[in-house]
Amino acid sequence: MHPAFSVLIFTVASGAGYGLFALLVLAHLAGVGQIEQTSMILSAGVLALALITGGLMSSTLHLANPKNAWRAFSRFKTSWLSREAVFAVLFYPFALIYLGSVLFAEELGGVAALVTLVSGLVAVTLAMVTLFCTSMIYASLKTIRQWCTSLTPLNYLALGLMSGALCLAAVQVVVQGSVSALLQGVGLGLLLLGASVKLIYLFWIGKPAGSTINTATGFSQAKVRLLDSGHSSDTFLTNEFGYEAGADKLLRLRGLMLLLAFAVPFIVISVDGGSLALLAMLSVIVGLLVERWLFFAEARHVVRLYHGAQRT
């Protein structure tokens, strides 16, 4: 599949934003001392909303007709894209109520704690549901073996929380001057989880499985060879679904992704819990952009079988 840069920005930025907001609320409601500071909550909350909003706005750039984006809300019963759009919009009022209850806690008096609790938990739920719906847009496509697996939503959720944790650590450095030991441990744990899930996914898509030209045509007794593969270049199908990056390039980018998204942040957070947390956040965002590019570039649509490919 041809990677669209707007979609890469969308999935990485919104994933980090939803992960950041979810971890922020859970830490606050759990009574983690360093996170209870109002300036910390508001700073992290604003960053999360900025990442989410920027990501959602970026997603419209991939549309042929951005002015028709509102139609994405009209197929909730059958479309994961529609569900994602609906839950993404529903997230905003609860997130804003949560941040407002923190900002105006004194004015709200005794009801503030209840408002914070309810709005925070609903916002966390909607954040994770929205991220899950985003992943299911791809995981529901049976025509692409590399996406049609439960590992796809698991990757999206794990990497969203992982990047969110490092964003939260960076905010804590800016606001409070250092990263707390608890957040440092959570960040390291989520980095290990994200790396494990991604490595399992890479191993799985490397297995020789999926459709072949033989299974597509129903002939199993001999090797099938297309005598006429139709248009071989410069069509929508060949440009979007027949995208080829080259094995060497993919291998190099895999190494870069593992280095930037997992290895560098893990080493930085392990060695230094201070100002270098900003470097860890930047590294993981760039690494996940590479990861998401690979997610698209390594996908093989079955339509390729009718343009000369032997296997997907």
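Selection of the stretch 132-143 for residues being over 18 Å from residue 203 (Cβ atoms) and not in a loop (DSSP other than H, G, I, E, B) yields 132, 133, 134, 135, 136, 137, 138. Scanning the stretch 261-284 for residues that are more than 18 Å from residue 20 (Cα to Cα) and either under 16 Å from the mean Cα position of the chain (by Cα) or of a type in the set (S, T, N, Q) (or both) returns 270, 275. Of all residues in the stretch 102-152, those that are in contact (Cβ under 8 Å) with a residue 40 or more places away in the chain, over 19 Å from residue 296 (Cβ atoms) and surrounded by 16 or more Cβ atoms within 10 Å (Cβ to Cβ) total 9.
Restricting attention to the stretch 144-158, and to residues there that are out of contact with any Lys or Arg (no Cβ under 8 Å at 6 or more places or on another chain) and outside any helix (DSSP H, G or I), which single residue is farthest from residue 200 (Cα to Cα)? This residue is 147. For the stretch 159-179, the criterion of being in a helix (DSSP H, G or I), touching a Gly at 6+ places or on another chain (Cβ under 7 Å), farther than 15 Å from residue 22 by Cβ and modelled with pLDDT under 95 is satisfied by at least one residue. Does the stretch 30-37 include one or more residues that are under 18 Å from the mean Cα position of the chain (by Cα), crowded, with 17+ Cβ neighbours inside 10 Å and not charged (D, E, K, R)? No: zero hits.
Report, by residue number, each residue of the stretch 74-103 that is assigned to a helix (DSSP H, G or I), more than 23 Å from residue 46 (Cβ to Cβ) and under 23 Å from the mean Cα position of the chain (by Cα). Can you show your working first?
Of the residues in the stretch 74-103, the ones assigned to a helix (DSSP H, G or I) are 74, 80-103.
From the residues that got through so far, the ones that are more than 23 Å from residue 46 (Cβ to Cβ) too are 74, 80-83, 86.
Matches in the stretch 74-103: 80, 81, 82, 83, 86.
Scan the stretch 180-195 for residues that are without any contact (Cβ under 8 Å) to a residue 12 or more places away in the chain and closer than 14 Å to residue 160 by Cα and the total you get is 1.
The values are calculated or read from the model by the stated rules, or taken from the named source; none is laboratory data. Note that the structure is a prediction, hence the values are computed from the model and not measured. Counting neighbours? That spans all protein chains shown, and the Cβs are built from the backbone with ideal geometry, glycine included.
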